[in-house]
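Let me begin by presenting the structure, written as structure tokens, before commenting on it.
The values are calculated or read from the model by the stated rules, or taken from the named source; none is laboratory data. Every value quoted in this text rests on a predicted model; they were computed, and no experiment measured them. With ideal geometry, Cβ positions are generated from the backbone for all residues, glycine too; neighbour counts draw on all protein chains shown.
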Amino acid sequence: MTGPAASGPVPVVTIDGPGGSGKGTVGRRLAQALGWHYLDSGALYRLVALAAQRRGVALDDAPALAALARDLEVLFEIGPGPDEERVRLAGDEVGPDLRTEACGERASRVAALPAVRAALLERQRAFRRPPGLVADGRDMGSVVFPDATLKIFLTASPLERARRRYNQLKEKGVSANLAALSDEIARRDARDAQRAVAPLRPAADAVVLDTTGMAIAEVVARVRGLL
Ligand code: C5P
């Protein structure tokens, strides 16, 4: 028997949503449970911001940033644990630098530039390889994989999202302040939702899941149930 996954295009589950909605953790666990590939598209925007900082490129120099995005020498290594990911930029391990709120803030500025988004488009689509892909971000279902098998949009209350980010950063040994984080998340969401290109909003055919008060395993099970 060949199901649609075997005979049609490589299946993709897209998980979009604002910061702290749980999409990274849910996406990684889902990919691991299904034995599929995983794309953390936010990491690509963070990498462009980090590469720009290291090379002294201004965050409004669209042509130079697009060139950086096209030429990023990046390597993702997942595991051994479900929540562990190693990211290398030109051979250097950059995970901790990538996860800071300051880097997220710079990523959201470069992500508003159409030339940067265009430069990353094919790179993101190249992650679609058999047996399947779980892709998380802001525009995975709306722009990058419009023909995805299943599109999920995760939300959670602003307070819960700030708390999750706080706990995540603390676990990684990064110091954080809950009130400041909450302000930063709100500012970043507003910029991501209001930009002209690929703004943060659910695709018309996405299933919207409010994960406030839900455990990660519960969210993963709900998404699997929809596949
Ligand atoms: O998800 P993460 O916090 O790592 O994303 C960092 C920033 O990258 C977001 O605030 C957003 O501006 C941008 N981004 C995007 N499109 C994506 C993923 C991330 O614009 N698909």
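Conditions (1) part of a helix (DSSP H, G or I); (2) away from the ligand (no atom under 14 Å from the Cβ); (3) free of Cβ contacts under 8 Å to residues at least 24 places away in the same chain; (4) of a type in the set (Asp, Glu), marked per residue:
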| position | (1), (2), (3), (4) |
| --- | --- |
| GLY19 | no, no, no, no |
| THR25 | yes, no, no, no |
| TYR45 | yes, no, no, no |
| PRO63 | yes, yes, no, no |
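Restricting to the range 146-180, and then to whatever is closer than 20 Å to GLY17 by Cβ and among the hydroxyl-bearing types (Ser, Thr, Tyr), can you tell me which residue is nearest to the chain's Cα centre (by Cα)?
Among them, the one singled out is THR155.
Sort out which residues of the range 148-159 are free of Cβ contacts under 8 Å to residues at least 60 places away in the same chain and small (Gly, Ala, Ser), and write them in order of number. Write out each step before concluding.
Here is the first cut: in the range 148-159, the residues free of Cβ contacts under 8 Å to residues at least 60 places away in the same chain are 157-159.
Within the range 148-159, just SER157 meets the criteria.
Residue-by-condition table, conditions (1) assigned to a helix (DSSP H, G or I); (2) within 19 Å of ARG29 (Cβ to Cβ); (3) touching a residue at least 40 places away in the same chain (Cβ under 8 Å):
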| site | (1), (2), (3) |
| --- | --- |
| PHE127 | no, yes, yes |
| GLY141 | yes, yes, yes |
| PRO146 | no, no, yes |
| ARG161 | yes, yes, yes |
| LEU169 | yes, no, yes |
| ASP183 | yes, no, no |
| LEU209 | no, yes, yes |
| THR212 | no, yes, yes |
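Among the residues of the range 116-145, write down those that are within 17 Å of GLY22 (Cα to Cα) and either within 12 Å of the ligand (Cβ to nearest atom) or modelled with pLDDT under 95 (or both).
ALA135, ASP136, GLY137, ARG138, ASP139, MET140, GLY141
Please enumerate the residues belonging to the range 190-203 that are free of Cβ contacts under 8 Å to residues at least 12 places away in the same chain and loosely packed, with under 12 Cβ neighbours inside 10 Å.
Within the range 190-203, just GLN194 meets the criteria.
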